[in-house]
Amino acid sequence: MTTRRTLLLAAFAPNSQIVYKGYPKPFLYPILAPDGTVLSRGWPIDPRPGDNQDHTWHRGIWWGHGDINGHDFWREQKGTASIRVDKVTNSNELHQTLVTAKGEELAKLLTRYKFHR
């Protein structure tokens with residue numbers, strides 16, 4: 001599995017990355033406090049002792065809904081939909097496609113990550 005990541009060029013989140021290949025939907029990881037304290041769990045990306053290992057889709061910050069026209073974009077199980085990243089621009093804009101479990105394109109999305117102090 002190939003994982004594609006892009007560093008965010010933002011003053012507030014300089015060490016976070018948008019992980020956008022190798023998973024059913026993109027996510028922001030790791031999540032850090034302003035003082036550098038890691039707020040996101042490591043598992044399943046970078047497992048650490050004591051990490052809860054329940055839902056594999058609980059990674060950093062991500063977008064998902066349990067029902068869009070009858071398709072599940074929340075869970076990551078057999079028979080659920082996915083969010084494909086088609087292009088990344090300006091290091092913080094994701095041009096995406098909602099893809100059903102059957103591989104049909106449902107909609108296009110543009111997600112822009114912005115951070116303010």
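The values are calculated or read from the model by the stated rules, or taken from the named source; none is laboratory data. None of the values given here were measured: they were computed from a predicted structure. FYI the Cβ positions are ideal-geometry reconstructions off the backbone, even for glycines, and counts take in every protein chain you see.
Within region 52-81, being among the polar types (S, T, N, Q) and either more than 20 Å from Glu105 (Cβ to Cβ) or surrounded by fewer than 17 Cβ atoms within 10 Å (Cβ to Cβ) (or both) holds for Asn52, Gln53, Thr56, Asn69, Gln77. For region 28-71, the set of residues classified as touching a residue at least 24 places away in the same chain (Cβ under 8 Å), under 20 Å from Leu98 (Cβ atoms) and not small (Gly, Ala, Ser) consists of Leu28, Trp57, Arg59, Ile61, Trp62, Trp63, Ile68, Asn69, His71, listed by residue number. Candidates are the residues of region 70-116 that are part of a loop (DSSP other than H, G, I, E, B), basic (Lys, Arg) and more than 13 Å from the chain's Cα centre (by Cα); the one that is modelled with the lowest pLDDT is Lys114.
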